[in-house]
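Taken together, the values in this text are just the output of simple stated rules run on the coordinates, not laboratory data. A quick note: this is a predicted structure, and the numbers were derived from the prediction, not measured. Because the Cβ atoms are built from the backbone with ideal geometry, glycine has one as well, and the counts that use them run over all protein chains shown.
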Amino acid sequence: MSRNLLAERETFVVGIGFHQYQRKSKTTYVTLGLTAARAALADAGIEWTDVESAYNGTALLGMGSSRIMLSRLGSTGIPMAQVENASASGSTAVAQACMEVASGQSDVVLAMGVDKPRGGLGAAPGQAGIENLEGGTIVPFTHFALLASEYMSAHGVSAEEVAAVALKNHRNGAHNPYAQRQKVRTMEEIMAEPISGSMTRLQCCPVGEGAAAVIVASGEAIERLGIDRTRAVRVLSSVTRTERLYGPGEGIDAALTAETAGLAFDAASVDPKEVDVLEVHDAFSIEELLYTEALGLCAPGEAASLVASGQFDLGGRCALSPSGGLLAMGHPIGPTGTGQVAEITRQLRGEAGERQQPNAKIGAAHMVGIGAVCVVHVLQA
Amino acid sequence: MQIGPPIVIVGHRCTRCERVAFPPDPYGCEQCGAEADQLEPVELSARGRIHSLATVHRHHDDAMETPFTVATIVLDDGPSVKAVLIGDLAEAAVGTDVVGVTEATGHDDDGIELLDLRFTPAGALSEAVTS
């Protein structure tokens, strides 16, 4: 791998902010984004004029969304860019901000994500002119229903054991005021309303609107601006990979995650089993199981029983998706990856209240996106 | 379901790295980067084994009648495909052998019948042919 600049210049998350994830409403994306950005600045205790650059993760808004929004904090003339990387857009915004600070080009950078649904995802791969056999029959929830079928068959796991992921994440989301879904659910409710294969409505993430923001800063900026060092969370590594070719029937999504996470944990000098708190891309319940194994927290086939027995609950050996994850917090696309890093920061500060993982020291955030990409960040209190 | 001569699926083989893939690709080889003129059509047998399957209960396209069942199928000739399963699926499971069949899906503007490729359990098909 290329140089890990984050090991050479200490880089921190010093501020976080959200606009609640919610169903599509009349609220403009400008209001959503400004709410999150202002909250992040206030949380860091800095001024907008201290910010030297901004990256805005968005996949659905169309071109040119950032300046009309962020200029309402003051038209300071700083560089801004929209960042699109499918579901990982907000993760890539954070990655760009980290690289810019770690490289020494800037000391204080805003990374954020904002999106509103516009009916369909408009994904480019469908326009590549490559025809396959399935036509329009395989939409994302069916892709993951097929992976659930494979997983249950290979490991002798039941549909209820897969659904236990959703039970846990809805429970976590009930303690998160920024979550789109804030209700504790029963297994009966989780198993109702089949969508595809064993995937039910409550095992599929809601795609609504919202915004998330983080302020990324150098150690020098913390000193110079008088930022509270005890609430700064260090970013140890930031790794992005794209899909390679795998054998017939081999799980692309899990293989890509394993490769990306392996590089990220190596760069951070962290053993995945040391991770206290992990936000994982659980757009569909089965994904949390596949990725938890691919991330190296346990062996293939073990995640289902570990989730069911509470090992990945808040207070367990590692809290998985403490925010409620994509399943309960929601997946508004652009904000999601930034929101994960904000949640991990909150957890590593010990400020997560009722959903606090006790004594959390090391955290990680993992997103995948169609196309297919994977982004992993490793953070330390 | 229409049963005729064995169906072949046309994929491509890269003449530079020998990778066999489906679907055919107009751009280049994903393994070695050879350009499209170095990819040649290759016939793949429409026979394989179910790797995973799911019955779809809801679909955003109202024109698609639910429920229907889809599967990931690893073809005997290598590549894996995803396709709709039809026929008697009572015994269909991961590991079941399947073969390609055609199904009429409507007519084009000139009134010509359109056929689409589906898969069906091989055991059920051989019973259908012999009975």
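Here are the numbers for the structure shown:
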read-out: Max mean-square fluctuation residue, GNM over chain B, Cα-Cα springs under 10 Å, options B:ALA46, B:ALA93, B:ALA63; value: B:ALA63
read-out: Whole-angstrom gap from the stretch A:304-381 to the stretch A:224-289, using each part's C-alpha centre; value: 10
read-out: Residue among A:ALA221, A:LEU306, B:SER45 farthest towards the positive dipole end of the protein assembly as shown, charges placed on Cβ; value: A:ALA221
read-out: Rounded tilt (10° steps) of A:140-155 against the dominant C-alpha axis of chain A; value: 60
read-out: GNM top mover of A:ALA304, A:ALA111, A:ALA328 - chain A, alpha-carbon springs below 10 Å; value: A:ALA304
read-out: The protein assembly as shown - charge dipole about Cα centre, Lys and Arg +1 at Cβ, Asp and Glu -1, debye rounded to 20; value: 2080
read-out: Cβ charges +1 (Lys, Arg) and -1 (Asp, Glu), total dipole of chain B, debye; value: 580
read-out: Helix A:285-294 axis, angle to chain A major axis (alpha carbon atoms, nearest 10°); value: 70
read-out: Highest-fluctuation residue, A:ARG185, A:ARG171, A:ARG118 considered, GNM on chain A with Cα pairs under 10 Å; value: A:ARG118
read-out: Cα-based helix-to-principal-axis angle, A:252-268 vs chain A, degrees rounded to 10; value: 40
read-out: Lys/Arg +1, Asp/Glu -1 at C-beta; the stretch A:6-72 dipole; positive extreme among A:VAL14, A:GLY62, A:ILE46; value: A:GLY62
read-out: The stretch A:93-230 - convex hull of alpha carbons, volume per residue in Å³; value: 204
read-out: Cβ-Cβ FRET estimate between A:ALA124 and B:TYR27, R0 fixed at 22 Å, reported to 0.05; value: 0.95
read-out: Relative intensity, log₁₀ I(q)/I(0), of the stretch A:246-296 from a Debye sum that treats every alpha carbon as a point, q = 0.15, 0.16 Å⁻¹; value: -0.41, -0.47
read-out: Computed helical MRE - 222 nm, the protein assembly as shown, DSSP H runs ≥ 4 contributing -39500 (n - 2.57), nearest 500; value: -8500 deg cm²/dmol
read-out: Spin-label model distance (nm) - A:ARG9 vs B:ALA90, 7 Å beyond Cα toward Cβ; value: 7.0
read-out: Listed residue pairs exceeding 29 Å between alpha carbons, taken from A:LYS168/A:LYS361; A:LYS26/B:LYS82; A:LYS26/A:LYS361; value: A:LYS26/B:LYS82; A:LYS26/A:LYS361
read-out: Label-point separation, A:SER158 to B:ASP62 (7 Å along Cα→Cβ), nm; value: 3.9
read-out: Label-point separation, A:LYS183 to A:SER269 (7 Å along Cα→Cβ), nm; value: 4.9
read-out: log₁₀ of I(q)/I(0) at q = 0.21 Å⁻¹ - chain B, Debye sum with one point per alpha carbon; value: -1.20
read-out: For the stretch B:57-114 and the stretch A:98-173, distance of Cα centres in Å; value: 24
read-out: About the Cα centre, charge dipole magnitude for the stretch A:199-343 (Lys/Arg +1, Asp/Glu -1 at Cβ), debye; value: 280
read-out: Low-density loop positions, trypsin sites (Lys or Arg not before Pro), the stretch A:16-47 - DSSP coil, at most 13 other Cβ in 10 Å; value: A:ARG23, A:LYS24, A:LYS26
read-out: Rounded D (µm²/s) - the stretch A:21-177, Kirkwood Rh over Cα pairs, Stokes-Einstein at 4 °C, 1.567 mPa s; value: 69
read-out: Two-site FRET efficiency, A:GLN105 against A:GLU302, from Cβ-Cβ distance with R₀ of 30 Å, rounded to 0.05; value: 0.10
read-out: Dimensionless Rg/Rh of the protein assembly as shown - Kirkwood Rh, Rg from C-alpha atoms; value: 1.00
